[in-house]
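The values are calculated or read from the model by the stated rules, or taken from the named source; none is laboratory data. The shown structure was predicted, so the numbers you read here are calculated from the model rather than taken from an experiment. Note: ideal-geometry Cβ built from the backbone for every residue, glycine included; neighbour counts use all protein chains shown.
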Amino acid sequence: MAVLFLQAGCFKFNIGFSPGVQNVNLKTIAVRSFGNEAELVVAYLAQEFTETLQDEFLRRSRLSLTTGDADIEISGTIINYSVTPSAISSGETAAQNRLTISVRVKYDNHVEESDSWESTFSKFSDFDATQNFASVERDLIAEVNDQLVAAIFNQVFGKW
């Protein structure tokens with residue numbers, strides 16, 4: 001029993017996410033301005049989403065952001081922005097509403113073309129139906145943008 005304990009003591013465990021574990025051949029990233037093709041258009045949404053995505057890659061990766069040619073390029077379009085009831089009260093009125101935002105993303109890896117992909121991401125945030133949507137909309141958009149950006153970042157770097 002003591003031998004097993006001593007052997008186990010020789011192992012070192014390292015748990016946690018390390019954003020530094022990335023393909024060393026990739027040096028630059030271009031995050032192109034996202035378009036907005038949703039039926040319901042919020043004027044600032046596309047720019048705010050693009051900036052949040054750029055900030056995430058600058059903050060959590062070692063890649064340099066560029067507007068020109070890049071090793072990897074991310075582009076896309078906002079395809080859905082909707083507010084729908086998510087919970088109904090006993091009086092058959094909405095108790096909670098849900099803001100949903102969906103984006104179609106194209107990821108081009110110009111160093112390893114086989115790693116390129118296209119995917120749709122959809123995230124949401126629920127809010128109390130008694131709240132004035134206009135007064136909470138900006139905060140909800142920021143929350144959903146953060147969720148979308150985290151999902152995209154994880155898809156890009158998940159296999160590394």
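Quick one: is Ala151 in a strand (DSSP E or B) and among the small types (Gly, Ala, Ser)?
On the way: in a strand (DSSP E or B): no; among the small types (Gly, Ala, Ser): yes.
No; evaluated as a whole, the condition is false for this residue.
State which residue is surrounded by the fewest Cβ atoms within 10 Å (Cβ to Cβ) when the search covers only segment 31-41 and only residues that are of a type outside the set (Gly, Ala, Ser) and within 19 Å of Lys106 (Cα to Cα). Break it down stepwise before answering.
Looking only at segment 31-41, we keep the residues that are of a type outside the set (Gly, Ala, Ser), and these are 31-32, 34, 36-37, 39-41.
Okay, now just the ones that are also within 19 Å of Lys106 (Cα to Cα), so 31-32, 34, 36-37.
Details: Val31: 24, Arg32: 16, Phe34: 22, Asn36: 19, Glu37: 13.
Filtering first and then ranking leaves Glu37.
Yes/no per residue for (1) in contact with a Pro (Cβ under 6 Å, 6 or more places away or on another chain); (2) closer than 30 Å to Asp69 by Cβ; (3) touching a residue at least 24 places away in the same chain (Cβ under 8 Å):
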site: Ser114; (1), (2), (3): no, yes, no
site: Phe127; (1), (2), (3): no, no, yes
site: Asn132; (1), (2), (3): no, no, no
site: Arg138; (1), (2), (3): no, no, no
site: Val144; (1), (2), (3): no, no, yes
site: Leu148; (1), (2), (3): no, yes, yes
site: Val156; (1), (2), (3): no, yes, yes
**Request:** Check whether at least one residue in segment 89-101 is touching a residue at least 24 places away in the same chain (Cβ under 8 Å), under 27 Å from Leu26 (Cβ atoms) and not small (Gly, Ala, Ser), and report yes or no.
**Result:** no
**Prompt:** In segment 103-160, how many residues are modelled with pLDDT under 95, of a type in the set (Asp, Glu) and loosely packed, with under 13 Cβ neighbours inside 10 Å?
**Reply:** 3
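From the set of residues in segment 42-65 that are under 17 Å from Asn80 (Cα atoms) and β-branched (Val, Ile, Thr), which is surrounded by the fewest Cβ atoms within 10 Å (Cβ to Cβ)? Outline the logic, then answer.
Step one: of segment 42-65, the residues under 17 Å from Asn80 (Cα atoms) are 42-50.
In the following step, the residues that additionally are β-branched (Val, Ile, Thr) were identified as 42, 50.
Values: Val42: 16, Thr50: 20.
Here the residue is Val42.
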